[in-house]
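Worksheet for the structure shown next.
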Amino acid sequence: MSQTTDPSIVTLRKANLTLGNGASSVHVLKGIDLDIAKGQSVGIVGPSGSGKSTLLMVVAGLERLDSGEVHIAGSALHTLSEDAVAAVRGRSVGIVFQSFHLIPNMTALENVAVPLELAGKSDAFDRAREELIAVGLGERLTHYPGQLSGGEQQRVAIARALAPDPALIVADEPTGNLDGDTGRQIAELLFAKQSERGATLLLVTHDPALASQCDRQVSVRSGLIVGDSAGADAAEKAIA
């Protein structure tokens, strides 16, 4: 497997990606360079259609670049086969989506355990149970997604993302389908778990307050990075 010695957990170099064909094609990422350090929390912000979610999908190994490089957790994804990319993703990347992406006919416990089983973990159900308890769902293990609130479903999704103990957590609008109070609770949970585990968090959000809680904010517009600065909370800590 191709490896990189770059100390960053995420490195993009001249990342280009066009989606669609012919007249309907859109040049979504336009030669992006980006480095993210281990343990950092980074908010990706920008208007709808700016390319921020596509950037996240490239980092997660769910979209392949047309040209350029993407290095994640020591692996050069742009050099790997689809199967090898999937193996890196399963080992090193936890993904949280806006719409939860839970399997409706599986319980909370099964939603977390089955991906671990598929990855060959012999303790899948024990680990899944521990993760669900850790996110406050110890009493909801046997409930199906349709029996859970939106916040509870997102907690299941976070438990599923954390269960393989990934070095990198990527979250695409994780509070976007939740009311304000529930969204704040989910955000607090994400940051707490990231801090506990020393993981890196890459977060796409439209919410300026959520982005400001990150160590760093990266602004994307028309497929380009147009800003890169410390989050408001990080700046306040630095001044203090």
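The values are calculated or read from the model by the stated rules, or taken from the named source; none is laboratory data. Bear in mind that the values here come from a model prediction, so they are computed numbers and not experimental data. Note that we place each Cβ from the backbone using ideal geometry, even for glycine, and neighbour counts take in every protein chain shown. When the accessible area is computed, the model is the full protein with side chains, heavy atoms only, and any ligands, DNA or RNA have been set aside. Shrake-Rupley method; radii C 1.70, N 1.55, O 1.52, S 1.80 Å.
Overall shape of the stretch 153-225 was characterised from the C-alpha gyration tensor. The equivalent ellipsoid obtained from it has semi-axes of 20, 16, 11 Å, in decreasing order.
Please state the relative contact order of the stretch 128-229 as a whole percent: Cα pairs under 8 Å, 6+ residues apart? Value for the stretch 128-229: 21 percent. At a probe radius of 1.4 Å, what is the per-residue accessible area of residue 48, in Å² to the nearest 10? Result for residue 48: roughly 100 Å² accessible.
Normalised by residue number, the volume inside the convex hull of the Cα atoms of the stretch 23-119 is 158 Å³ per residue.
Note on the stretch 18-68: with neighbouring protein chains present and a 1.4 Å probe, carbon and sulfur make up 49 percent of its accessible heavy-atom surface.
Rg and Dmax of the stretch 62-201, both derived from C-alpha coordinates alone, stand at 15.2, 47 Å. Note: relative contact order over the chain, using C-alpha pairs below 8 Å and six or more positions apart, is 26 percent. Here is how the number arises for the chain: DSSP H runs of 4 or more residues each give -39500 (n - 2.57), the sum is divided by the residue count, and the result at 222 nm is -10500 deg cm²/dmol.
The DSSP beta bridges internal to the chain are antiparallel in roughly 55% of cases.
Screening the chain for whole DSSP H helices with an alpha carbon extent of at least 20 angstrom along the helix axis and a mean Kyte-Doolittle hydropathy of at least -1.0 yields 180-197. If you wrap the chain in the convex hull of its Cα atoms and look at it from every side, the mean projected area works out to 13.8 nm². Convex hull of alpha carbon positions in the stretch 1-71: directionally averaged projected area 5.5 nm². Across the stretch 38-72, the residues whose backbone nitrogen lies under 13 Å from the label position 7 Å along the beta-carbon direction of residue 19 are 48-59, 62-65. Each peptide in 56-62, 205-211 receives the mean, over its residues, of other Cβ atoms within 10 Å, and ordering these scores from highest gives 56-62, 205-211.
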